[in-house]
1. Being in a helix (DSSP H, G or I) and at pLDDT 85 or above, is that true of even one residue in the range 1-22?
2. Check the range 74-82 and report whether any residue there is touching a residue at least 40 places away in the same chain (Cβ under 8 Å) and under 26 Å from the mean Cα position of the chain (by Cα).
3. Can you tell me which condition residue 55 does not meet? The list is (1) without any contact (Cβ under 8 Å) to a residue 24 or more places away in the chain; (2) buried (at least 16 other Cβ atoms within 10 Å of the Cβ); (3) not in a strand (DSSP E or B), and all the others hold.
4. Taking the condition closer than 20 Å to residue 107 by Cβ and touching a residue at least 40 places away in the same chain (Cβ under 8 Å), does residue 46 pass?
5. If I filter the range 128-141 for residues that are more than 22 Å from residue 52 (Cβ to Cβ) and modelled with pLDDT of 90 or more, do I get at least one hit?
């Protein structure tokens, strides 16, 4: 059984400087091993699933994978047999099973990352219009405007005026 009683930081740092098997050294080695395992698992996953999944733990032959939500969990369950056999063949011959758990914080992190990248891309693409009205659509709008009441006609003509270079421009003061 583990010794999970609180320890003074002085004891941890004193042990770290004197021995190779210090508590901090063990934590560092475990973290490095889990990061290496995480990279290996992500390389075996399908590309769309990689950002939504990570290794949570590996203990007593059981690999714990964390996944962002239930829909990705179902997809991962389909991939589980192939992933299990590939991991046994390449990295972990003692792997007995894979446990999949939902971790909603992965979803939040990915949403935040996608919002940041969306803001960066919108800053870089300010000179490009988001949508563009074709010349053919502008002509259709002008045809519809000719058969419409006055107020709607003016609005449709203004909208048609937003079309690309090939469309005729209309005056907004008509």
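1. Among the residues of the range 1-22, not one is in a helix (DSSP H, G or I) and at pLDDT 85 or above, which makes the answer no.
2. No; the residues of the range 74-82 include none that is touching a residue at least 40 places away in the same chain (Cβ under 8 Å) and under 26 Å from the mean Cα position of the chain (by Cα).
3. Going through (1) without any contact (Cβ under 8 Å) to a residue 24 or more places away in the chain; (2) buried (at least 16 other Cβ atoms within 10 Å of the Cβ); (3) not in a strand (DSSP E or B) one by one, residue 55 breaks only (3).
4. Taking the combined requirement at face value, the residue does not satisfy it.
5. Looking for residues that are more than 22 Å from residue 52 (Cβ to Cβ) and modelled with pLDDT of 90 or more, one finds none in the range 128-141, hence no.
The values are calculated or read from the model by the stated rules, or taken from the named source; none is laboratory data. The structure displayed is predicted, hence computed values, not measured ones. Every residue, glycine among them, receives a Cβ derived from its backbone with ideal geometry; neighbour counts consider all protein chains shown.
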